[in-house]
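Just below is one structure, and these are the notes that go with it.
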Amino acid sequence: MADTLGMAAQLAGNAVRFGWYSGINWLLARESQRLGPRPRYRPKLPVPSQAELMADLRALFLADAAAVRDGLYAPAEPAGSLAEHLGTLRAMFADLPAILQRRAADDTQSAEADGSAEGLPDYYTQDFHFQTGGYLSEGSAKLYDVQVDTLFYGAAGAMRRAGLKPIAAFMRGRDQRATHLLDVACGTGRFLRDVRLAYPALRLAGLDLSQAYLDEARRHLEDLRPADLLCANAEQIPCPDASQDIVTGVFLFHELPGEVRRRVTAEIARVLKAGGLFVMVDSLQMGDRPGWDGLLEAFPVRFHEPYFAHYAADDLDAMFTGMGLEPEATATAFLAKVMARRKH
Ligand SMILES: C[S@@+](CC[C@H](N)C(=O)[O-])C[C@H]1O[C@@H](n2cnc3c(N)ncnc32)[C@H](O)[C@@H]1O
């Protein structure tokens, strides 16, 4: 039966999130200009109009709500209490001067400062987005979700959930209890939580190189059936060959150097069973929506994203196919793209 009430709840939740995070985005931009004024970067490539962006965001929210109506997944719930959320926002604004100072000095090494970066690859220990502590501090893990939703106007969850659609098609007729899903670079576990809510009996695991982010993921999953959380490098996934039915990677590939992207893809292909599914959710690439390419040009100028330009131009299709991951479906979801591939 169609869950029209769930659909309405999902639409309302997304509308509230959009309004709230748009306000925070505006405040953060204003504070950033006040504390560390910078001329606005004007991309050479075309950018969409505000109306075009909003129309696409509306389409994403409608698709997200329709997926709830059709029973693909349950409506998203508010994450944590209001008091906790306001505390996190306060901490994000309190951290802004330090972020702007590092941006002005082009200093991207705060994660290196406390010793927790020892033994980790150099590409990883930089402060992506100039965030304090990079991916390695508890403070960074606590701020991450709010920072991402501020960047994406509250649409981060809906973009991630676009990755649940190819999973739903794959799961049709399968026994959840006998199906293994590994989320590579699970971060704070937001996508793992979406997967767990949709598939309570799935054999679920998440992997990330940051123990602080995994601790946060554990907290976000604690009221649900547990998932295995592995602290490991995606270049050497600690799983046997052909052990996974589904592997996912959400917002990971744009943060990897080209050769590491290839090593991680090879690992994903290795651990997938024949016929298994890989789902990537990540940024749009150049040419996906030609009128939007200027956004992709501007993004790494505004934020510390050292491998984004390479990612945006990378031939992912050839990379996946070359490693035995054949095309299944590709779609865009606002500023994200979803690529579903099958291991042959
Ligand atoms: C942009 S965040 C995405 C997190 C999460 N998937 C999400 O949807 O928000 C990138 C994540 O990739 C992880 N990461 C980056 N390189 C990694 C590597 N080589 N091995 C494991 N995790 C890695 C980081 O620790 C971080 O949690």
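Read-outs: derived from the displayed coordinates by stated rules, not from any lab. Predicted, not measured: the structure shown is a model, and the values here were computed from it. Here Cβ is always computed from backbone atoms with ideal geometry, including for glycine, and neighbour counts include all displayed protein chains.
So Arg225 passes all but one of these: (1) free of Cβ contacts under 8 Å to residues at least 60 places away in the same chain; (2) closer than 30 Å to Pro78 by Cβ; (3) touching a strand residue (DSSP E or B) at 6+ places or on another chain (Cβ under 7 Å). Which condition number does it fail?
(3)
Which one of these is surrounded by fewer than 18 Cβ atoms within 10 Å (Cβ to Cβ) and either in a helix (DSSP H, G or I) or basic (Lys, Arg) (or both): Leu96, Leu120?
Leu96
Quick check on my filter: what residues within the stretch 125-141 are within 13 Å of the ligand (Cβ to nearest atom), within 25 Å of Trp26 (Cβ to Cβ) and of a type in the set (S, T, N, Q)?
Gln131, Ser140
Can you tell which of Ala168, Ala185, Ala242 is at positive phi, away from the ligand (no atom under 16 Å from the Cβ) and aliphatic (A, V, I, L, M)?
Ala242
Let me spell it out: the conditions are (1) part of a loop (DSSP other than H, G, I, E, B); (2) more than 18 Å from Arg160 (Cβ to Cβ), and Gly80 meets all of them except one. Which number is the exception?
Every condition holds for Gly80 apart from (2).
Report yes if Leu136 is closer than 30 Å to Ala331 by Cβ, surrounded by 18 or more Cβ atoms within 10 Å (Cβ to Cβ) and of a type in the set (A, V, I, L, M, F, W, C), otherwise no.
Here the answer is no, as Leu136 does not meet what is asked.
Conditions first: (1) near the ligand (Cβ under 10 Å from one of its atoms); (2) part of a loop (DSSP other than H, G, I, E, B). Tyr144 passes all but one, so which condition is the exception?
(2)
Would you check which residues across the stretch 39-72 are free of Cβ contacts under 8 Å to residues at least 12 places away in the same chain and not in a helix (DSSP H, G or I) and list them?
Pro39, Arg40, Arg42, Ser49
Within the stretch 1-45, which residues are over 22 Å from Gly154 (Cα atoms) and surrounded by 12 or more Cβ atoms within 10 Å (Cβ to Cβ)?
Answer for the stretch 1-45, where residues must be over 22 Å from Gly154 (Cα atoms) and surrounded by 12 or more Cβ atoms within 10 Å (Cβ to Cβ): Asp3, Leu35, Gly36, Pro43, Leu45.
Looking at the stretch 1-35, which of its residues are farther than 22 Å from Ala59 by Cα and either touching a strand residue (DSSP E or B) at 6+ places or on another chain (Cβ under 7 Å) or in a loop (DSSP other than H, G, I, E, B) (or both)?
Passing the criteria: only Met1.
Quick one: is Pro240 out of contact with any His (no Cβ under 6 Å at 6 or more places or on another chain), part of a helix (DSSP H, G or I) and not charged (D, E, K, R)?
So Pro240 does not fit the description; no.
Identify, from the list Met286, Met280, the residue that is touching a residue at least 24 places away in the same chain (Cβ under 8 Å), over 30 Å from Glu77 (Cβ atoms) and outside any helix (DSSP H, G or I).
Of the residues listed, the single one that is touching a residue at least 24 places away in the same chain (Cβ under 8 Å), over 30 Å from Glu77 (Cβ atoms) and outside any helix (DSSP H, G or I) is Met286.
Can you tell me which residue is farthest from the ligand (Cβ to nearest atom) among those in the stretch 250-266 that are within 22 Å of Ile167 (Cβ to Cβ) and in contact with a Gly (Cβ under 9 Å, 6 or more places away or on another chain)?
Thr265
Among the numbered conditions (1) surrounded by 24 or more Cβ atoms within 10 Å (Cβ to Cβ); (2) within 11 Å of the ligand (Cβ to nearest atom); (3) not in a helix (DSSP H, G or I), tell me where Leu192 comes up short.
Checking Leu192 against (1) surrounded by 24 or more Cβ atoms within 10 Å (Cβ to Cβ); (2) within 11 Å of the ligand (Cβ to nearest atom); (3) not in a helix (DSSP H, G or I), the one that fails is (3).
Collect the residues in the stretch 37-90 that are among the basic types (Lys, Arg) and closer than 12 Å to Leu11 by Cα, keeping them in residue-number order.
Once the filter is applied, which keeps residues that are among the basic types (Lys, Arg) and closer than 12 Å to Leu11 by Cα, the stretch 37-90 yields Arg58, Arg69.
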